[in-house]
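Take a look at the structure below.
The values are calculated or read from the model by the stated rules, or taken from the named source; none is laboratory data. As the structure is a computational prediction, the values presented were derived from the model and not from experiment. For neighbour counting, all protein chains shown are included, and Cβ atoms are generated from backbone atoms with ideal geometry for every residue, glycine included. Side chains included, ligands, DNA and RNA excluded: accessible areas come from the protein's heavy atoms. Shrake-Rupley method; radii C 1.70, N 1.55, O 1.52, S 1.80 Å.
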Amino acid sequence: MHDNLLIGPDAHGRFNLQMLRAFQGKGAVQRGKHKVSDGVYLSCDPDAAIGGRYESGADNMLQLRMQASGNPRWQALHIELGDLRLGQAAVFGIVARSLAPASITTRVCLRSGNGDHFVDSFFPKTMVSFAQPSTHLDVMDLSSNPDLPKQAEWRDLILFFRSGDVSLNLLDLRLFAV
């Protein structure tokens, strides 16, 4: 059992990332939605032919290997952030360390939802992973993002992978709201 002693508006998301860092396991990637660890799941186009594996361990937060036939509409990793309150925050940001055998791009998004309706707010930069470990830092200026709801019933941080085959090691992922 892990205690959640984290505080602040981003505590729920930071706790789910902490749980993923501590998680050691593996499983199959298929179309649809699949839990990786508490508060973290993979979501792939349910109409696409997608297969592969994921593994999480002490040296690698999440290793993904996905093969897709055709062009799936989406392949994504979701981190649940709870009701992350951004009313008092100036920026929301991420820091990611990654590694990929061949360079691959990933779009990062903050999804804000109320019931079944949601709004996607994409970070300005595209994350690029290379054959050597690299660090990606990006922030969303909340004052210049008028479509982003300051209050929401739920939020997810989503990493949208390129359509097609994906081979990526997510070495670390951190988030912050200040």
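A few points about this structure:
- From the list F176, F130, F160, F118, the one residue that fits, being in contact with a Leu (Cβ under 8 Å, 6 or more places away or on another chain) and of a type in the set (F, W, Y), is F130.
- Considering residues of the stretch 118-143 that are aromatic (F, W, Y) and under 19 Å from A177 (Cα atoms) only, the residue surrounded by the fewest Cβ atoms within 10 Å (Cβ to Cβ): F122
- A residue that is touching a Gly at 6+ places or on another chain (Cβ under 9 Å), within 28 Å of P9 (Cα to Cα) and not hydrophobic (A, V, I, L, M, F, W, C) occurs nowhere in the stretch 89-100.
- Screening L84 with (1) within 17 Å of D120 (Cα to Cα); (2) more than 13 Å from the chain's Cα centre (by Cα); (3) open to solvent by 20 Å² or more (accessible area, probe 1.4 Å) gives one miss only, at (3).
- Top-ranked residue of the stretch 59-81 - restricted to ones that are more than 16 Å from the chain's Cα centre (by Cα) and either among the polar types (S, T, N, Q) or closer than 18 Å to Q132 by Cβ (or both), ranked as modelled with the highest pLDDT: Q67
- Pick from the stretch 96-117, criterion open to solvent by 10 Å² or more (accessible area, probe 1.4 Å) and among the hydroxyl-bearing types (S, T, Y), ranking: nearest to E153 (Cα to Cα): T105
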